[in-house]
Amino acid sequence: MTFVTTDDGVRLHYEEAGAGTPMIFVHEFAGDHRSWEPQIRFFSRRYRCIVYSARGYPPSDVPDSGAHYSQERVWQDLRCVMDGLHIHQAHVVGLSMGAFACLHFGLHHGTDGAASRALSLTLAGCGTGSHPAVYEDFKAQSQVLAHDIETLGADHLANTYGMGPSRLQFKAKDPRGYHEFNRNLAEHSALGSARTSRGYQGQRPSLYALTDVIAQINVPTLIITGDEDEPCLEPSLLLKRTITTSVLAVLPGSGHAINLEEPQLFNQLLADFLAQVEQGKDFVRPVETRPATIWGPGGDPRP
């Protein structure tokens, strides 16, 4: 197995395939490095594809201390993977928890245009728990989930969290693929998942509190969400309206794990986006196409 070591001493397992411009994939809370297999098989024909398991997700290290799990630490781990593999610039692609990591990486390394370490950002299924109407509830639920995982184990996680409302679309479309996803989820470290839920999921800031800094991102950004991934619909619109170099794709009849649920469509959208990036398109939205919106980046302004 291959590992990179972070600057706080945690070993992260990674795999890579292909050659060319680097692409780095960052998985969701219910996933791991295996979650990107349909993308690695497709994009490694043209790119150097790297996928890794986050801290707390074997075969990566599972630190005991809760202090090792935070939003700051997780986006820094993406940087450490790039540094450890001597990659200066890459396209970074994340789903859900991984999309938050990519977004925060972009806040630090996606604001210098073509000179940024992020050649592009892909933010898929980003924003669960961020909307002001659910933010405090989400934080509290993340603490409850952490306790349940600690006491009942990863099997419980797979049989509850893995069967949430935005997962059922995947199960209905592709029962075999869903079974593989859920089997992998049941193999996760209970300690690592609990620490991640408590320290990362349960403590990360709402996107709605970060609009001023998010607006500074100026690298091409692809935002993707499923139209039945209710927690991510409004946040995806927020990101689209805030990042002026972004495009938004909404997949019909789709839930949260869209890279697995609709791999062909996901790959096509991402491949078309990257082709435009490579041709020099910056996706800067002309001022004349930015009228005042009903909702605005901060949510519903109506009393």
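Every read-out reported here was derived from the displayed coordinates using simple, explicitly stated rules and does not represent laboratory data. Just so we're clear, the structure is a prediction, and the values are computed from it rather than from any experiment. Positions of Cβ are generated from backbone atoms using ideal geometry, with glycine treated the same way; all protein chains shown enter the neighbour counts.
The stretch between A67 and A115, if pulled fully straight at 0.36 nm per residue, gains 14.0 nm over its current Cα-Cα span.
Would you kindly state how much longer the chain becomes between V144 and E15 on full extension, computed as 0.36 nm times their sequence separation minus their alpha carbon distance, in nm to one decimal? Before the final figure, lay out the partial values.
Values: separation 129, 0.36 × 129 = 46.44 nm, distance 3.27 nm.
That works out to 43.2 nm of additional length.
Considering only G164, G20, Q264, and ranking their Cα positions along the charge dipole of the chain that arises from unit charges at the beta-carbon of Lys, Arg, Asp and Glu, the one farthest toward the positive end is G20.
Just to confirm my numbers, what's the Cα centroid distance between the stretch 43-105 and the stretch 112-145 in Å? Their Cα centres are 14 Å away from one another. Charge dipole of the stretch 1-100 (Cα centre as origin; +1 on each Lys and Arg Cβ, -1 on each Asp and Glu Cβ, all else neutral): 440 debye, rounded to the nearest 20. Summarising the overall dimensions of the stretch 40-173 from its C-alpha atoms, the Rg and Dmax are 16.7, 47 angstrom. Just the number, please: percent antiparallel of the DSSP beta bridges in the chain, rounded to the nearest 5. Close to 25 percent.
Contour minus end-to-end for A275 and A133, with contour as 0.36 nm per residue of separation and end-to-end as the Cα-Cα distance?
Working: separation 142, 0.36 × 142 = 51.12 nm, distance 3.75 nm.
Using 0.36 nm per residue and subtracting the Cα-Cα distance, I get 47.4 nm.
Counting only DSSP beta bridges with both residues in the stretch 1-105, the antiparallel share comes to about 45 percent. One way to sum up the overall shape of the chain is the equivalent ellipsoid from its Cα gyration tensor, whose semi-axes run 27, 23, 19 Å, largest first. Hey, if you put +1 on the Cβ of every Lys and Arg and -1 on every Asp and Glu Cβ in the stretch 5-137, which of G129, S70, W36 ends up farthest toward the positive end of that dipole? Highest projection toward the positive end goes to W36. Residue exposure proxy: K240, K173, ordered by other Cβ atoms within 10 angstrom of their Cβ from fewest to most, comes out as K173, K240.
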